[in-house]
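Chemist: Sharing a structure, written as structure tokens. Questions coming.
The values are calculated or read from the model by the stated rules, or taken from the named source; none is laboratory data. Note that the structure is a prediction, hence the values are computed from the model and not measured. So basically every Cβ, Gly included, is an ideal-geometry build from the backbone, and we count neighbours across all protein chains shown. Each accessible area value is taken on the protein alone, full model and side chains, heavy atoms only, with ligands, DNA and RNA left out. Shrake-Rupley method; radii C 1.70, N 1.55, O 1.52, S 1.80 Å.
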Amino acid sequence: MRVFPWGFWLLCVASAPARGDSGSKARSCAEVRQLYGAKGFSLSGVPQAEISGEHLRICPQGYTCCTSEMEENFANKSQSEFEAMMKEAGRSVQATLTAQHRSFDSYFQDLLNKSEKALYDAFPSLYGELYTQNVKVFKDLYSELRRYYRSSNINLEEALNEFWTRLLERLFKLLNPQYHITDEYLDCMVKHAEQHKPFGEVPRDLKVKATRAFIAARSYAQGFLVGSDVVKKVSQVSLSHECTRAIMKLMYCPHCRGMSSVRPCNNYCLNVVKGCLANQADLNTEWKYLMDSLIGVADRIDGPYNVDTVIGTIHMRIAEAISNLQENKDSITSKVFQGCGNPKISTKGSSSEDKKRRGKGTLEAKSSAQALEMLVLDAKGNLTALKTYWITLPSSLCSKKVMASSASDDKCWNGMTKGSYLPQVMGDGLANQINNPEVEVDITKPDMTIRQQIMQLKIMTNRLGNANIGNDVDFQDTSDDMSGSGSGDSCPDDVCGKRLSKSPSTRQPETNAIPKQSGHGVNGASSRSLPSASLLLLLSVAVIAAQHLWR
């Protein structure tokens, strides 16, 4: 009998295909079949036991339970599941920001409504015809204040000036019913009377305080909506082809390899997700600036700008102004007659005391300062927690959604088999992915949707920074958005143009810059240099233009 050399037998043993830990017997694919069916796929053609894996394009090409069709289906499934994880995480942030907006918006609107109602309740008994014949003037004021808060592109100072002018014209006629006063005479009267401050210091004082409060309030409310909208749009960004392959390899290749119970290594998961969300991580800087800016304005609202007192007492300041006019009526009338001449005596003149009387009605303001303080504390806590959202998202997804193994586990799925994961974890952001071992990332081609959202964050932060120091900024007319879900899109003045208010004032509006309050610095992001709207617009145009070059 012929005896074969030992070397021949050794060669045969060495050339036999390895099957992992299972030896020469093919492992069952029961677990993969169960998973595959649970994902909604047909089990037709799914192997009962392991087959050779030369056909695989994503998973390691050892013995496998996955066919080419299964690998493709798992890849598509992993993409949709990961995108769903992103949207779910984003919805949580959106819900937080939207809830903060809703709470503040409800508080502010209620504050304004109570002031208006108090005026309507008290003024008839206080001022008689001085009020009843001028109801529309007061209604128009509150209507303009609401329009401004909802981000209509109107000039708040001009609206306030217009209110005082119209009120002075109406009251002067009612307080001097024995004269026939024409519109031309009223124009002259306004010019002369305002030099002598017929309403005292109330108009100027209210303009300064109310403008600061309204600027801060509307920027603050809009900031929450812009933040929520940015998260929504970024969460809808699709995964790249390279990312889809990496996610598939992370989530489903261990099943194909017969290792369904082996969890992915944590650092492996981090590198995959950091590579996939490289562009999203670049939101971090401007996102933190937005959160800091909102916190800074929140401190102003509950601090030096004193929104509760200023907005809640508008009706009381108007009553104070009317009282000043009544008390100084004779002096003001005399000075107007000196400058404009004596008007003709009216044949329908009346000296009804009802027009002049001041009743015994009471004016009061119910403070809601404690409610505002609680709102601000809650908002600051949530905003602080959200500061690092974009750079902590990978670790959050890996630990809570992908269910990665612990960092020290040496028996986890490392992308090839069960063992340790040796490569170091990449940094955050696009530039740090140049050597990512798991995801091929082209760092020269940033995602344009995300770049545009970074620009939206910069614009909103600039608005909040201006609001923090009392400067007015122009908003696109987003009144529908402010009452609902809102959008972060903006429209700078030099693109849209300014819209004038319906009834232009007879006086020239003053500058939009509000004097600083002494002793108060600039908090939060307002300490950063505040780029102009034109500069931000040019940057936005440059980003969009670059898109075509990259393509």
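Chemist: Looking only at the stretch 218-247, which residues are modelled with pLDDT of 95 or more and among the hydrophobic types (A, V, I, L, M, F, W, C)?
Modeler: Hits for the stretch 218-247 are Ala221, Phe224, Leu225, Val226, Val230, Val231, Val234, Cys243, Ala246, Ile247.
Chemist: A further question follows. State the number of residues belonging to the stretch 317-344 that are open to solvent by less than 20 Å² (accessible area, probe 1.4 Å) and among the small types (Gly, Ala, Ser).
Modeler: 3
Chemist: On to the next question. Among the numbered criteria (1) within 30 Å of Val230 (Cβ to Cβ); (2) at pLDDT 95 or above, which single criterion is violated by Ile301?
Modeler: Every listed condition holds for Ile301 apart from (2).
Chemist: Among the residues of the stretch 133-164, which ones are without any contact (Cβ under 8 Å) to a residue 60 or more places away in the chain and more than 20 Å from Lys114 (Cβ to Cβ)?
Modeler: Those that are without any contact (Cβ under 8 Å) to a residue 60 or more places away in the chain and more than 20 Å from Lys114 (Cβ to Cβ): Gln133, Asn134, Lys136.
Chemist: Please work out which one of (1) out of contact with any Phe, Trp or Tyr (no Cβ under 6 Å at 6 or more places or on another chain); (2) over 28 Å from Leu290 (Cβ atoms); (3) not β-branched (Val, Ile, Thr) is the condition Ser399 fails and give its number.
Modeler: Unmet condition: (2).
Chemist: Okay, next question. For Cys412, indicate whether it is under 35 Å from the mean Cα position of the chain (by Cα) and under 13 Å from Arg263 (Cα atoms).
Modeler: So Cys412 fails the test.
Residue-wise test of (1) touching an Asp or Glu at 6+ places or on another chain (Cβ under 9 Å); (2) within 18 Å of Val273 (Cβ to Cβ); (3) of a type in the set (Asp, Glu).
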position	(1), (2), (3)
Lys411	no, no, no
Gly419	yes, no, no
Gln424	no, yes, no
Leu430	yes, yes, no
Glu438	no, yes, yes
Val441	yes, yes, no
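Chemist: For the list (1) surrounded by fewer than 16 Cβ atoms within 10 Å (Cβ to Cβ); (2) modelled with pLDDT of 90 or more; (3) more than 30 Å from Tyr179 (Cα to Cα), I need the number of the one condition that Ile314 fails.
Modeler: (1)
Chemist: Now, a different point. Test Glu81 against the criterion of being in a helix (DSSP H, G or I), out of contact with any Asp or Glu (no Cβ under 9 Å at 6 or more places or on another chain), free of Cβ contacts under 8 Å to residues at least 12 places away in the same chain and closer than 28 Å to Ser395 by Cα, and give yes or no.
Modeler: no
Chemist: Determine the pairs where a residue that is within 17 Å of Glu286 (Cα to Cα), located within the stretch 370-395, has a partner that is assigned to a helix (DSSP H, G or I) and open to solvent by 60 Å² or more (accessible area, probe 1.4 Å) with Cβ atoms under 7 Å apart, the partner being 6 or more residues away or on another chain.
Modeler: Close Cβ pairs (under 7 Å, with a partner that is assigned to a helix (DSSP H, G or I) and open to solvent by 60 Å² or more (accessible area, probe 1.4 Å)) amount to Lys387/Lys288.
Chemist: So how many residues does the stretch 394-416 have that are of a type in the set (A, V, I, L, M) and either at pLDDT 90 or above or in contact with a Cys (Cβ under 6 Å, 6 or more places away or on another chain) (or both)?
Modeler: Selection size over the stretch 394-416: 4.
Chemist: Restricting attention to the stretch 68-78, does a residue exist that is in a strand (DSSP E or B) and either closer than 26 Å to Leu239 by Cβ or at pLDDT below 95 (or both)?
Modeler: no
Chemist: Condition (residue is modelled with pLDDT under 95, closer than 25 Å to Arg102 by Cβ, outside any helix (DSSP H, G or I) and small (Gly, Ala, Ser)) applied to the stretch 359-367: is it met by at least one residue?
Modeler: Yes - at least one qualifying residue is present in the stretch 359-367.
Chemist: Please work out which residue is least open to solvent (accessible area, probe 1.4 Å), limiting yourself to the stretch 34-70 and to residues that are acidic (Asp, Glu) and within 14 Å of Arg257 (Cα to Cα).
Modeler: Filtering the stretch 34-70 for residues that are acidic (Asp, Glu) and within 14 Å of Arg257 (Cα to Cα), the one least open to solvent (accessible area, probe 1.4 Å) comes out as Glu50.
Chemist: Right, Glu242: closer than 30 Å to Lys458 by Cβ, among the acidic types (Asp, Glu), in a helix (DSSP H, G or I) and in contact (Cβ under 8 Å) with a residue 12 or more places away in the chain or not?
Modeler: Yes; evaluated as a whole, the condition is true for this residue.
Chemist: Ok, one more. Just one of the numbered conditions (1) in a helix (DSSP H, G or I); (2) out of contact with any Ser or Thr (no Cβ under 8 Å at 6 or more places or on another chain) is not true of Ser293; which one?
Modeler: Condition not satisfied by Ser293: (2).
Chemist: Give all pairs with beta carbons closer than 9 Å in which a residue from the stretch 89-104 that is charged (D, E, K, R) meets a residue that is open to solvent by 40 Å² or more (accessible area, probe 1.4 Å) and assigned to a helix (DSSP H, G or I); count only pairs at least 6 apart in sequence or on separate chains.
Modeler: Arg91/Lys232
Chemist: Filter the stretch 107-130 down to the residues that are over 31 Å from the mean Cα position of the chain (by Cα) and within 18 Å of Leu206 (Cα to Cα), then identify the one that is surrounded by the most Cβ atoms within 10 Å (Cβ to Cβ).
Modeler: Once the filter is applied, the top-ranked residue is Leu119.
Chemist: Would you be able to tell me the number of residues in the stretch 278-311 that are out of contact with any Phe, Trp or Tyr (no Cβ under 7 Å at 6 or more places or on another chain) and either open to solvent by 10 Å² or more (accessible area, probe 1.4 Å) or free of Cβ contacts under 8 Å to residues at least 24 places away in the same chain (or both)?
Modeler: So the count comes out to 18.
Chemist: I would also like to ask the following. Evaluate the following for Ser92: is it among the hydroxyl-bearing types (Ser, Thr, Tyr) and open to solvent by less than 10 Å² (accessible area, probe 1.4 Å)?
Modeler: When the stated conditions are applied, Ser92 does not pass them.
Chemist: Answer yes if at least one residue in the stretch 386-393 is of a type in the set (S, T, N, Q) and modelled with pLDDT of 95 or more, and no otherwise.
Modeler: Yes, the stretch 386-393 contains at least one residue that is of a type in the set (S, T, N, Q) and modelled with pLDDT of 95 or more.
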